[in-house]
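Student: Let me give you the structure first, and then I'll get to my questions.
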Amino acid sequence: AAGETATLVKLIRVTMLAPVVLVFTLVFRATHKSEAEAGKRPPLIPGFVLGFLALAALNSFGLIPKQAADITADVSGWALLFGIAAVGMKTALKSILSVGRQAVLLVVAETVFLAAFILIGIAYLN
């Protein structure tokens, strides 16, 4: 149950990425007009976000065969595991602490807030 809840929360966060990226891109374009005129404008929505939305829509309408969805889910799990391991291997505690105490405290505070928010949500929904 915890894994399913975590997956749902992650999917909601990823789904909200598209409108957030769109808003930030529009704000960036509005504040950097000289670069926009020079042809250096970023795309409104990056390709990976469009790909995610397209695959989510196809899966929601049942257009992806179950066997293909199961295989890609397994591959996705392994890719996530390798990605997390790679980040861990490239991270040194010394480099984390070099960003400063305030940055580390902010990350810790955000993590505690998110954990509390999710726990309260789970308690409220049950």
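Student: Give the calculated FRET efficiency between residue 2 and residue 90 to the nearest 0.05, with a Förster radius of 35 Å applied to their Cβ-Cβ distance.
Tutor: The calculated FRET efficiency here is 0.80.
Student: Could I ask something else about it? Name the residue from 20, 9, 50 whose Cα lies farthest towards the positive end of the charge dipole of region 1-60, charges +1 on Cβ of Lys and Arg and -1 on Cβ of Asp and Glu.
Tutor: 20
Student: Then there's this: Quote the relative contact order of the chain in percent (integer), defining contacts as alpha-carbon pairs under 8 Å separated by 6+ residues.
Tutor: On the way: 21 pairs, mean separation 19.0, N = 126.
It rounds to 15 percent for the chain.
Student: When the chain is fully extended, how far beyond the present Cα-Cα distance does residue 27 get from residue 120, taking 0.36 nm per residue of separation? It would help to have the intermediate numbers written out before the result.
Tutor: Values: separation 93, 0.36 × 93 = 33.48 nm, distance 3.34 nm.
Stretched fully, the residue 27-residue 120 segment lengthens by 30.1 nm.
Student: Determine the calculated [θ] at 222 nm for the chain from helices alone, applying -39500 (n - 2.57) to every DSSP H run no shorter than 4 residues and normalising by the residue count; nearest 500 deg cm²/dmol. Working shown, then result.
Tutor: Values: 7 runs with 104 residues, N = 126.
Counting only the DSSP helices, I get -27000 deg cm²/dmol.
Student: Hey, another quick one. Taking the mean number of other Cβ atoms within 10 Å as a proxy for protection, how do you rank 59-67, 13-21 from highest to lowest?
Tutor: On the way: 59-67: 9.8, 13-21: 13.0.
My ranking of the peptides, most packed first, is 13-21, 59-67.
Each reported figure results from applying straightforward, stated rules to the coordinates on display, with no laboratory input. The model shown is predicted, which means the values in this text are computed figures rather than measured ones. FYI the Cβ positions are ideal-geometry reconstructions off the backbone, even for glycines, and counts take in every protein chain you see.
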